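The values are calculated or read from the model by the stated rules, or taken from the named source; none is laboratory data. These numbers come from a predicted model, not from an experiment. Note that we place each Cβ from the backbone using ideal geometry, even for glycine, and neighbour counts take in every protein chain shown.
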Amino acid sequence: MIRLAFVIPTLDQSGAERQLALLACGLPRDRFEIRVFALNRGGYFADILEKAGIPVEILQKRFRFDPLTWWRLRKAIRRFQPQLVQSFLFSANAYVRLPGICPAGTFVIVSERCVDSWKSAWQLSLDRRLASRTSAMTANSASVAEFYRDVGVQPDLISVIPNGIKVPAENANSADTASRDQIRQELGLMPTDRVVCFAGRLARQKRLPDLIWSFQLLHQLVENAKLVLIGDGPERDRLAELAVKLGCRDKIVFAGHRMDAYKLMAGMDVFCLPSEFEGMSNSLMEAMSLGLPVVVSDIAANRELVTHEQTGLVFPLGKSPEMTKALRQLLTDDSLAKRLALAARQLLVKHHSVEQLVSRHVQLYERLLAQRRV
């Protein structure tokens, strides 16, 4: 049995946490003994992991650097004695590589999920310093791998393993007319509305003011156009104020953070992601898996999933009029929307299944463990 420990800050309902849960639950249990350690708190995915028979331990981290958390993690890792430790996100990636945490001979894998241009100089410096204590790094897109190569991580340490997603059987997870109408009624929408949606954190990197400006133009061009923003975050009030200023607040639904975001998206017409940087967006992949046509900003991470006029429409970053044009196309040309949505779903089935996510990680684990046998 291969003992494998996963370490992550929280198990909230978010992208990195979802990928950890898919991977942990998908690994063959006759070959892997798994433990999950959350530095700060549990959350939505803690319940899923525990129902799958995977033990979860919460370390209750209180501060940016908490000596008690260092001690608890060190004790937990040494009690479990894993051959492999894999961490997700900055604080977990830092903690697992601190001196004394992992016993000698443990392979330490850090997982980077985004083009982390938000990181400060001290965080990037810490990443470089800790690279010597890293056995491997996984990046969920080629653009993330390129970012960390530029930071100074040795290229031979980095493996690109794209996100995985459970793709439902064709039409199995699409909303039928009754459930679609119910979803819309819950959000205060009409069955005849033409609805653009976004799902994710309402944060600056998502460039949602661009989407509000675009929608201000769109609702004048497309009858019954509405915009639904699923999620919450620091930009929420600013976005609402902008919508009031532009005179379109009554046509925008701020749905807030929703545990059922995936279900809500099934009742929409088009998904839009205007971000200035991403890793590999889980919400974009979810929209594609549901058969929603997608409109995305022209950044490297989005282009790994969306090819213009093949699996979606791509607009220049920050160009709201071009975004409006793309959204209008998909809301008024049903044949185009269906063609792009079908091709996007087929892309996920071919390249981004959970089985591929798991098998690519297993290959990495086996490659590392083989070094010990040589």
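Confirm whether S117 is out of contact with any Leu (no Cβ under 7 Å at 6 or more places or on another chain), among the hydroxyl-bearing types (S, T, Y) and farther than 30 Å from L264 by Cβ.
Spelling it out, it is not the case that S117 is out of contact with any Leu (no Cβ under 7 Å at 6 or more places or on another chain), among the hydroxyl-bearing types (S, T, Y) and farther than 30 Å from L264 by Cβ.
How many residues, within region 259-291, are in a loop (DSSP other than H, G, I, E, B) and under 13 Å from the mean Cα position of the chain (by Cα)?
From region 259-291, those in a loop (DSSP other than H, G, I, E, B) are 259-260, 266-269, 274-278, 280-281, 290-291; that's our starting set.
Now narrow it down to the ones that are under 13 Å from the mean Cα position of the chain (by Cα): 275, 277-278, 280-281.
Residues in region 259-291 being in a loop (DSSP other than H, G, I, E, B) and under 13 Å from the mean Cα position of the chain (by Cα): 5 in total.
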**Q.** Residue check for P55: touching a residue at least 12 places away in the same chain (Cβ under 8 Å), of a type outside the set (S, T, Y) and either in contact with a helix residue (DSSP H, G or I) (Cβ under 7 Å, 6 or more places away or on another chain) or surrounded by fewer than 17 Cβ atoms within 10 Å (Cβ to Cβ) (or both)
**A.** yes
Q | Scan of region 214-251 for residues that are of a type in the set (D, E, K, R) and either out of contact with any strand residue (DSSP E or B) (no Cβ under 9 Å at 6 or more places or on another chain) or buried (at least 20 other Cβ atoms within 10 Å of the Cβ) (or both), ordered by number | A | K226, E235, D237, R238, E241, K245, R249, D250
Q. Identify, please: which residue in region 36-52 is touching a residue at least 24 places away in the same chain (Cβ under 8 Å) and surrounded by fewer than 21 Cβ atoms within 10 Å (Cβ to Cβ) and is, among those, nearest to V96 (Cα to Cα)?
A. N40
Q) Within region 46-70, how many residues are hydrophobic (A, V, I, L, M, F, W, C) and at pLDDT 95 or above? A) 8
Q: Return yes when L242 is assigned to a helix (DSSP H, G or I) and touching a residue at least 60 places away in the same chain (Cβ under 8 Å) and no when it is not.
A: no
Q) Which of the residues belonging to region 270-291 are in contact with a Cys (Cβ under 8 Å, 6 or more places away or on another chain) and of a type outside the set (G, A, S)? A) V270, F271, C272, F277, E278
(Q) Among (1) modelled with pLDDT of 95 or more; (2) surrounded by fewer than 23 Cβ atoms within 10 Å (Cβ to Cβ), there is one condition A300 misses while meeting the rest; what is its number? (A) (1)
(Q) Within region 252-262, take every residue that is under 15 Å from L189 (Cα atoms) and in contact with a helix residue (DSSP H, G or I) (Cβ under 7 Å, 6 or more places away or on another chain) and give me the one that is surrounded by the most Cβ atoms within 10 Å (Cβ to Cβ). (A) I252
Q: Residue by residue through region 217-235, note down the ones that are out of contact with any Lys or Arg (no Cβ under 8 Å at 6 or more places or on another chain) and farther than 19 Å from F271 by Cβ.
A: Q220
Q: Would you tally the residues in region 91-147 being part of a helix (DSSP H, G or I), touching a residue at least 24 places away in the same chain (Cβ under 8 Å) and among the charged types (D, E, K, R)?
A: 4
Q) Among the residues of region 329-373, how many are crowded, with 19+ Cβ neighbours inside 10 Å and not aliphatic (A, V, I, L, M)? A) 4
(Q) Which count do you get for residues in region 148-191 that are at pLDDT 90 or above, of a type in the set (A, V, I, L, M, F, W, C) and in a helix (DSSP H, G or I)? (A) 2
Q. Could we say that N282 is of a type in the set (S, T, N, Q) and surrounded by fewer than 20 Cβ atoms within 10 Å (Cβ to Cβ) here?
A. no
Q) Pick from R74, R3, R79: which is touching a Gly at 6+ places or on another chain (Cβ under 7 Å), modelled with pLDDT of 95 or more and surrounded by fewer than 19 Cβ atoms within 10 Å (Cβ to Cβ)? A) R74
Q: Would you tally the residues in region 60-87 being over 14 Å from I34 (Cβ atoms) and of a type in the set (A, V, I, L, M, F, W, C)?
A: 6
